[in-house]
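What follows is a short report on a single structure.
The values are calculated or read from the model by the stated rules, or taken from the named source; none is laboratory data. These numbers were taken from a predicted model, which means no experiment stands behind them. Glycine gets a Cβ as well: all are built from the backbone with ideal geometry, and neighbour counts include every protein chain shown. Areas reflect the complete protein model, heavy atoms only, side chains present, ligands, DNA and RNA absent. Shrake-Rupley method; radii C 1.70, N 1.55, O 1.52, S 1.80 Å.
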Amino acid sequence: MRRFKCQCGAAVFFDNHRCTNCGRVLAFDLDSQRVVSGNEGELSLCSNRKAVIRCNWTSPEGGPCQSCRMSKLIPSLSKDENQERWRKLELAKRRLLYNLVSIGLPVDETHLKFVFKEDRRTNPDVHDAHVNIGHAEGVITINAAEADEVYREQMRIAMNEPLRTLLGHMRHESGHYYWSVVVNDSNRDAARGLFGDERADYGQALDRYYENGPIDGWPESYISAYASAHPSEDWAETWAHYLHIRSVMETALANRMIESVNPDAWRSEFIEVIIRVNEIVRSLGQVDAYPFIITDRIAEKIEFVHEAVSDYAAGATH
């Protein structure tokens, strides 16, 4: 995340509503990708600013902002715990959208929609017995209970995952959609050479994975065990880590942990940054922030994602 300033010169942050130095109203503007500031009544604000999610984005046309319009279903707010769940889900979504716009990808409700649903494991009064996190034709579905830290940690352990976050879920599922945006006739063969053929039977592949576990030697070629389940999951997992890396390096640069980012040495620079971050969180008694290993093969996949995104963004500007 970049660093932002109020017009008074004080440092402000992506999620802030007011400047603590001068008291001006703050709002994040997606088009300009900056936090704007003003006196009361000067900014056009999202209509959900005073709702439980306390959205802090601008809405030039009035009403809900672009991010809020992309949420097509939210959990029932008659349950008190769902108010906090919805707030956390929207916070993660806004960070995802910032990521996607910052790398030049199309972001609006014609591309992505979000569905936040409960199931009977946490709410016996709803219809669905089991809501899976997933993507279908631009619709990202997230089980609202994932916003609960205890539930999410239980699922992380049950699924044998080193890291499980709301933002990670959303980055992963967005990858399923953006495959169709950045992979085309010019690079599809190269993509299949790296990730495998995405046309392979998905259901059978997932059944094999859950029955037998990941393939032998998976850490050499896959960023996670789940990435080895199917080429589409390898792409989505790699995509999520590409966004993780881009976000970490942007933050490190903005906060002067590094002086610049060398595209030819991104892996060594990222590893150096993440070693520092991991040591910091260990010093606080926390587990590693990024518990993954980037091998040569995995780096090659991440570089392909970067090239595909860059080629799309360059073409979109012409």
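General observations
- All of (1) more than 24 Å from His130 (Cβ to Cβ); (2) under 16 Å from the mean Cα position of the chain (by Cα) hold for Ala144 with one exception: (1).
- Residue match in the range 78-90 (condition: over 20 Å from Pro106 (Cβ atoms), exposed (fewer than 13 other Cβ atoms within 10 Å of the Cβ) and touching a strand residue (DSSP E or B) at 6+ places or on another chain (Cβ under 7 Å)): no
- Residue in the range 99-118 that is outside any loop (DSSP other than H, G, I, E, B), out of contact with any Ser or Thr (no Cβ under 6 Å at 6 or more places or on another chain), open to solvent by 40 Å² or more (accessible area, probe 1.4 Å) and more than 26 Å from Met1 (Cα to Cα) present: yes
- One residue from Ser47, Ser67 being free of Cβ contacts under 8 Å to residues at least 40 places away in the same chain and within 18 Å of the chain's Cα centre (by Cα): Ser67
- Of all residues in the range 268-288, those that are under 15 Å from Val248 (Cβ atoms) have Cβ atoms under 7 Å from Cβ atoms of residues that are open to solvent by less than 70 Å² (accessible area, probe 1.4 Å) and among the small types (Gly, Ala, Ser), 6 or more apart or on another chain, in Val273/Ala252; Val277/Ala289; Asn278/Ala289; Val281/Ala289.
- Conditions (1) touching a residue at least 60 places away in the same chain (Cβ under 8 Å); (2) farther than 28 Å from Tyr177 by Cβ; number of the one not met by Gly217: (1)
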